[in-house]
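Structure, as structure tokens:
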């Protein structure tokens, strides 16, 4: 399937660089096949801030994003941890990022527990045991 924007002659420098340096996610292959120009725009948007942050900070943020409970992308976590270590980030700093990121999951309980208590209370008032 091809769109008017995904001609074979369209340049894909970001995709090419990500392939070359091991950052390419194979799950993106079908997207790039459908519309490689759109894929380039998407990747450019995601990399926009990279040049505004120092490399260590970028890698730590990338670890947090990939490790977050809403993403859970293990290959990205591994890639960014490896790169962070190469840049001199300590094991403790990476652990701190993972620990801070894990707090995102607490929202499951902070949202769900009050609802559970409300529903149990409502059930007890309508169906006392």
Subject >> segment 53-129: translational diffusion in µm²/s, Stokes-Einstein, Kirkwood Rh over Cα pairs, 4 °C, 1.567 mPa s >> reply: 89
**OP:** Determine, from the Cβ-Cβ distance of residue 44 and residue 73 and an R0 of 30 Å, the FRET efficiency 1/(1 + (r/R0)^6), rounded to the nearest 0.05.
**Re:** 0.95
Original post:
Distances over 27 Å make up what percent of all Cα-Cα pairs in the chain?
Top reply: 42
Original post:
Could you give the nm distance between label points at residue 87 and residue 65, where each point is 7 Å from its Cα heading toward the beta carbon?
Top reply: 1.2
**OP:** For a quick protection proxy, order the peptides 111-122, 74-85, 56-67 by their average other-Cβ count within 10 Å, most packed first.
**Re:** 56-67, 74-85, 111-122
Original post:
Counting each DSSP H run of 4 or more residues in the chain as -39500 (n - 2.57), what helix-only mean residue ellipticity at 222 nm follows after dividing by all residues, to the nearest 500 deg cm²/dmol?
Top reply: -21000 deg cm²/dmol
Subject >> Folded to 0 to 90 degrees: helix 106-126 orientation relative to the chain principal axis, Cα >> reply: 30
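The numbers here are math on the coordinates, done by the rules we state, and not lab data. These figures come from a predicted structure and were not determined experimentally. No Cβ is skipped: glycine too gets one built from the backbone with ideal geometry, and neighbour counts run over all protein chains shown.
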